[in-house]
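Reviewing the structure listed below.
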Amino acid sequence: MKVRTLERTQIVPRPIAETFKFFPDPHNLQRLTPAFLNFKFLAPPPAVMHPGTAIDYQIRLYGVPVHWRTRIEIVEAPKKFVDVQEKGPYALWRHSHTFKDVGGSTTEMKDRVEYAMPLGVLGEVAYHLFVARSLAQIFEFRERKLAEIMGS
């Protein structure tokens, strides 16, 4: 299984506590997901995130509905939280969100996703044909949307 890493860094013109508070709110996950994925919750999302919390939702990948369950693994407010895919399209998906106060009520927010494709060679072909481009589009959308919401 080949594990890949996707990393993105964004400067948010808000204090670290405010920036951190935005991310573990499941409703903001919906706001940061592009419309073409048709995100919808499969069960009411939890009000408070803590280690062990699960979020069940559905997205559409290339027209196919996919049930995705994310479990919160680590919460270290206001510096870090980590979620992992428990059920979904990847053989591995671990998403770390880290936050650093860079002064002047500004936060550096980093996304780091470790992921692996399922299905061996078939998954690798899909990665090169579709997945790499789609992930880049999704994270570019997230960056633009976050800038719009948080005023960066």
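Quick note: the coordinates plus some simple rules give every number you see, no bench work behind them. Please read all numbers here as calculations on a predicted model, not as lab measurements. So basically every Cβ, Gly included, is an ideal-geometry build from the backbone, and we count neighbours across all protein chains shown.
Sorting ILE74, ILE55 from the fewest to the most surrounding beta carbons within 10 angstrom yields ILE74, ILE55. Residue-wise HN-Hα couplings along the range 89-103, as the Karplus relation 6.51 cos²θ - 1.76 cosθ + 1.60 with θ = phi - 60° gives them from phi, are x, 9, 6, 8, 8, 10, 10, 9, 10, 10, 10, 9, 6, 10, x Hz; Gly and Pro carry x. Per residue, the convex hull around the alpha carbon atoms of the range 67-152 comes to 107 Å³. Using C-alpha pairs under 8 Å with a sequence gap of at least 6, the mean separation divided by the residue count of the range 1-118 gives a relative contact order of 32 percent. Of the peptides 121-129, 82-90, the order by per-residue mean of other Cβ atoms within 10 Å, starting with the highest, comes out as 82-90, 121-129.
With a sphere of radius 15 Å drawn around the Cβ of ALA35, what net charge do the other residues whose Cβ falls strictly inside it have (Lys, Arg +1; Asp, Glu -1)? Numbers along the way, then the final one.
On the way: positive: ARG31, LYS40, ARG60, ARG142, ARG144, LYS145; negative: GLU140, GLU148.
Charge balance in the 15 Å sphere: +4.
The stretch between VAL3 and LYS40 holds 10.6 nm of extra length on full extension. This uses 0.36 nm per residue minus the Cα-Cα distance. Available extension along the chain between ASP25 and THR98 is 24.8 nm, counting 0.36 nm per residue and deducting the alpha carbon span. Between LYS110, LYS40, LYS80, the GNM of the chain built on Cα springs shorter than 10 angstrom shows LYS40 fluctuating the most. Working from Cα positions, state the angle (0 to 90°, nearest 10) between the long axis of helix 132-150 and the longest principal axis of the chain. Once rounded, the angle reads 20 degrees.
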